[in-house]
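The values are calculated or read from the model by the stated rules, or taken from the named source; none is laboratory data. Only a predicted model underlies this, so the values are computations on that prediction, with no experimental measurement involved. Counting neighbours? That spans all protein chains shown, and the Cβs are built from the backbone with ideal geometry, glycine included. When the accessible area is computed, the model is the full protein with side chains, heavy atoms only, and any ligands, DNA or RNA have been set aside. Shrake-Rupley method; radii C 1.70, N 1.55, O 1.52, S 1.80 Å.
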Amino acid sequence: MKKIEIYIISALLLGAVWLTLAGKIEKNDKELCPYKLISQAVQIENKITVDDLAKKLMTKDPSIVLIDVRSADEFKKFSLSGAINIPLEKLLADDNLPIINQEVNNNIFYSNGSDKAAKAWLICNRLGYKNNFYLSGGLNSWIKDIIKATPPEETASKEDFELYNSRKAASIFFGGGTVGESNNSSAAPAAASSKPLRKKESAGGGCN
Amino acid sequence: MGPLFSQGIIGEELNMFIGFLIGILFGFGLESGGFANTRKLAGVFYGYDFVVLKVFFTAALTAAIGLFLLDRYQIMDINLTFYPKTFWLPTLIGGLIMAFGFIIGGFCPGTSLCAASTGKIDGMVFVGGVFLGIIGYAFTSATLWEGLKNKGALGKVDIATALGLSDGLFILLVTIVAVIAFVVVTKIEAHMKAKHDYQL
């Protein structure tokens, strides 16, 4: 054999031995392709709308665990009824792992908007934790669409009115009775007034 | 970090351009190595010249070792590189057709393009045949070959996983086989040359 052939063969052998000795690396450490990451993040199944959440809470779905990923201070000022507080920075603390890495409950992360909650979901997703979701629009959307639900235009579709009615019911249920009162300008004030008052009191206690 | 294209780090145009440059270098290499000469490829089958075998074996191993080393050190994610699913029956038939084409024509698709571009008439005829085959298959694939096309589907498989070996160990074994093959073919080459006095 020619000298050059011997050199090439030696280099190949050396490379192959190096590769064998280099061993395997953990698959989890691998970078995820940005396209895959984005396509995973925007999948509808990962998030839950405020309307769906309202329905689940009103029917007292036992599988739901609400996780507030904002700071403890923000959590103290206002939070959803029954929520637990795991600030995003402490998401992977030892105490919190049994909550986020489980297969029994459906965890719903929420923050003020979608950002922090989506981050929490993303971290859990990359670690392979299941049954985690995040609240689309966060508390901002919860306040705007549920608690302060505004009636649709008169020309709006039937579905819009149905949605409004369900939101109004949820608003009353979760203690947003003030909305009912402030919007009483035109439609049946007497009919609305008796129910919300009672509900408002009971749910108001839950919020604190 | 890599691969660059499948992660959108470089666009399609740049990807094509890089491919074009690599193509030029590859063609230049093939031509300078004398691969556009039909006797070079046919020599593998007649036993008087194994350069083609040595070059392609070396190229395949260099690529395999390089890719997996890049993967090991997290410079490139090998899971994002493309390799097709295996359909063993059509692959076997296709392989046989290619092999007969190699021996009868003396070219593989790459070297035939090289030969054609250097003005070799046999190369041009071979390229014409390749195109006829491609067009013929394209127009009949839905009617004639639909059944065969998907026969023997094995999914995405690789030999290392099937044998339960690590990729590194498998590549080391293939390298050792390559070294043995290099030594053996060099001996065959010397023997055939002495016996028949082949001229390239």
- Item | Failed criterion for A:E31 (all others in (1) modelled with pLDDT under 70; (2) in a helix (DSSP H, G or I) hold) | (2)
- Item | Where B:L165 falls short, out of the listed (1) open to solvent by less than 60 Å² (accessible area, probe 1.4 Å); (2) more than 12 Å from chain A (Cβ to nearest Cβ) | (2)
- Residue match in segment B:96-117 (condition: more than 18 Å from the chain's Cα centre (by Cα) and open to solvent by less than 80 Å² (accessible area, probe 1.4 Å)): yes
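Only one residue in A:F109, A:F133 is open to solvent by less than 20 Å² (accessible area, probe 1.4 Å) and among the aromatic types (F, W, Y), so which one is that?
Result: A:F109 is the single residue among A:F109, A:F133 that is open to solvent by less than 20 Å² (accessible area, probe 1.4 Å) and among the aromatic types (F, W, Y).
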- Task: Please specify each residue of segment A:103-127 satisfying the condition of being part of a loop (DSSP other than H, G, I, E, B) and under 16 Å from the mean Cα position of the chain (by Cα).
- Result: A:N105, A:S111, A:N112, A:G113, A:S114
- Message: Being crowded, with 16+ Cβ neighbours inside 10 Å and closer than 26 Å to B:F107 by Cα is the filter here; which residues of segment B:52-91 pass it?
- Response: B:V52, B:L53, B:K54, B:V55, B:F57, B:T58, B:L61, B:A64, B:F87, B:P90
- Task: Give the residue that is nearest to the other protein chains (Cβ to nearest Cβ), with candidates limited to residues of segment B:1-51 that are among the charged types (D, E, K, R) and either open to solvent by 40 Å² or more (accessible area, probe 1.4 Å) or not in a loop (DSSP other than H, G, I, E, B) (or both).
- Result: B:E12
